Amino acid sequence: MNQLETRELTYFVAVAETLHFGQAAERLGITQPPLSRAIAHLERRVGVPLLERTTRKVTLTAPGEIFLTECRAILAAMDTAVRKARKAAEQRVTIAARPASGPGVLPALLAAREQAPDGVLAEVVFTYDEIGALRDGTADVALMCQTVAVPGLELMELGPEEAVVLLPADHVLAERPFLTLAEVEALPGYAAQLPSEPLDTMVDRVALGRLVVVVGESVRDRLGGSVRAVPVHGYPPTQLVLAWLPEGRSAASRLTETAHAVMERLTPRPSALAQQ
């Protein structure tokens with residue numbers, strides 16, 4: 001069993017997903033006879049039938065279903081290991097960020113790393129699953145708004161983000177100094193979860209009266225005149241943070257010192273907003 005090869009697992013996954021040896025062979029770029037022999041050899045090694053074959057169709061056995069799930073996990077883990085190893089050798093750190101997250105901080109971080117003497121550059125990958133990007137090795141660090149603790153992550157707090165609700169500029173409540181969370185939740189079109197879409201799309205939907213959503217106050221500069229941001233009292237406290245996995249501490253350290261310097265320059269910004 002300890003002699004199983006990733007090639008064999010890849011072959012099995014291709015057959016299990018297509019349920020057709022010819023299609024699987026074409027997908028793998030090989031001919032059908034060696035694929036059939038490889039699957040038969042794999043079944044002998046595993047010790048149970050993984051596929052049921054007839055002249056008309058191929059189906060997975062119950063053990064085959066379980067083996068498929070495990071094979072996918074193993075191959076995904078191998079891909080992650082390769083990706084993380086390659087990233088460790090790069091002179092750059094990758095930041096995962098949700099579109100429109102930390103719009104003032106992110107450009108400042110990227111610009112500061114370009115001037116850093118160690119030559120390590122920062123790049124960004126936009127995603128709606130920042131933690132997933134950390135876990136699969138796509139990113140070294142995530143820039144995210146955090147309302148609850150996520151086990152297994154190390155954090156650097158960048159500062160609080162006041163919660164604001166986005167309303168059409170002509171909404172009857174748009175000029176209120178603040179709204180309570182209960183008032184916001186009672187509004188037609190309120191979305192408790194932030195939609196997985198760009199900020200510009202959300203703003204357009206809010207302006208049309210088709211969406212009410214709570215976001216961080218740092219988006220104010222990108223709203224234009226058709227949407228108002230009204231503070232929300234009673235919303236769970238939110239922190240803008242840099243987050244990373246413990247094994248990514250080395251890469252994250254390249255960014256945290258830069259982030260400290262950046263936040264010192266940006267600190268006056270929240271107080272200026274509060275006076276508006």
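Go through the residues of the range 44-59 one by one and say whether even a single one is acidic (Asp, Glu) and either in contact with a His (Cβ under 7 Å, 6 or more places away or on another chain) or surrounded by 14 or more Cβ atoms within 10 Å (Cβ to Cβ) (or both). No, every residue in the range 44-59 fails to be acidic (Asp, Glu) and either in contact with a His (Cβ under 7 Å, 6 or more places away or on another chain) or surrounded by 14 or more Cβ atoms within 10 Å (Cβ to Cβ) (or both). Picking from residues in the range 198-210 that are touching a residue at least 40 places away in the same chain (Cβ under 8 Å) and assigned to a loop (DSSP other than H, G, I, E, B), the one that is surrounded by the fewest Cβ atoms within 10 Å (Cβ to Cβ) is 208. With the structure loaded, tell me whether residue 107 is out of contact with any Phe, Trp or Tyr (no Cβ under 7 Å at 6 or more places or on another chain), assigned to a helix (DSSP H, G or I), under 30 Å from residue 216 (Cα atoms) and without any contact (Cβ under 8 Å) to a residue 40 or more places away in the chain or whether it fails that test. The answer is yes for residue 107. Condition first: of a type in the set (S, T, N, Q) and farther than 11 Å from residue 166 by Cβ. Now tell me which residues in the range 184-243 satisfy that. Within the range 184-243, 193, 196, 201, 218, 238, 239 qualify.
For residue 167, indicate whether it is buried (at least 20 other Cβ atoms within 10 Å of the Cβ), outside any loop (DSSP other than H, G, I, E, B) and assigned by TED's automatic domain parsing to the domain that holds residue 134. So residue 167 fails the test. In the range 171-197, the qualifying residues are those that are more than 19 Å from the chain's Cα centre (by Cα), charged (D, E, K, R) and part of a loop (DSSP other than H, G, I, E, B), and the one that is surrounded by the most Cβ atoms within 10 Å (Cβ to Cβ) is 176.
The values are calculated or read from the model by the stated rules, or taken from the named source; none is laboratory data. Predicted model, so just to flag it, every value in this text is computed and none were measured. Note: ideal-geometry Cβ built from the backbone for every residue, glycine included; neighbour counts use all protein chains shown.
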